[in-house]
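Student: Structure incoming, see below.
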Amino acid sequence: MGVAPQSPGAEPQAQVFTASRWTQGNFLFPTRIVISPLRVSRVKSRWFGSNDESIAISKIASVHISTGMVWSEIRIESTGGTDPITSYGHRKADAQRIRDLIETYQAQARS
């Protein structure tokens, strides 16, 4: 849970946010959200391999955060009309940090 250190094969400046194992669907293989200056990825590991969805920073239309008592749901929608990236079980502070990073990287891309 929280921000993990950057792995050796990861993009430079990428930050990884891991969902809590105490939330639905994250017990064995918690979902990871990877934020970099180029893209946002949702990585869900499986017994054999992983499922990886990504949206380019320039194609993100909105970030929705729905908070509960402890955990938050994050939904990242694209301008292309594809399915949004959704992840459950992140701490509120991590969800806000994800949104802030996306907004910062979008502002940097525009200038």
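The values are calculated or read from the model by the stated rules, or taken from the named source; none is laboratory data. Given the structure is predicted, the values throughout are model-derived calculations rather than measurements. Here the Cβ is made from the backbone with ideal geometry for all residues, glycine too, and neighbour counts use every protein chain on show. For accessibility, only protein heavy atoms count, side chains too; no ligands or nucleic acids. Shrake-Rupley method; radii C 1.70, N 1.55, O 1.52, S 1.80 Å.
Student: Considering only DSSP states other than H, G, I, E and B, which trypsin sites (Lys or Arg not before Pro) in region 13-111 qualify as loop sites with at most 11 other Cβ atoms within 10 Å?
Tutor: ARG46
Student: Go ahead and run the numbers for FRET between HIS64 and LEU28, Cβ-Cβ distance against an R0 of 22 Å, rounding to 0.05.
Tutor: FRET efficiency, HIS64 to LEU28: 0.25.
Student: At 10 °C and a viscosity of 1.306 mPa s, what translational diffusion coefficient does Stokes-Einstein give for the chain, taking Rh as the Kirkwood radius over Cα pairs? Give it in µm²/s as a whole number.
Tutor: 113
Student: Loop-only chymotrypsin sites (Phe, Trp or Tyr not before Pro) in region 10-55, please: DSSP not H, G, I, E or B, and at most 14 other Cβ atoms within 10 Å.
Tutor: Hits after loop and neighbour filter: TRP22, PHE27, TRP47, PHE48.
Student: In deg cm²/dmol and to the nearest 500, what is the mean residue ellipticity at 222 nm of the chain if only DSSP H runs of at least 4 residues count, each as -39500 (n - 2.57), divided by the residue total?
Tutor: Computed mean residue ellipticity for the chain: -6000 deg cm²/dmol.
Student: With a sphere of radius 15 Å drawn around the Cβ of GLY68, what net charge do the other residues whose Cβ falls strictly inside it have (Lys, Arg +1; Asp, Glu -1)?
Tutor: That works out to +1.
Student: Tell me the accessible surface of SER54 in square angstrom (1.4 angstrom probe, heavy atoms of protein chains only), to the nearest ten.
Tutor: Only protein atoms counted, so the area is about 70 Å².
Student: Using only the Cα atoms of region 27-92, build the gyration tensor, take square roots of its eigenvalues as a ≥ b ≥ c, and label the shape rounded, prolate or oblate: rounded if a/c is under 1.5, else prolate if a/b is larger than b/c, else oblate.
Tutor: Oblate is the answer for region 27-92, as a/c is 1.5 or above yet b/c matches or exceeds a/b.
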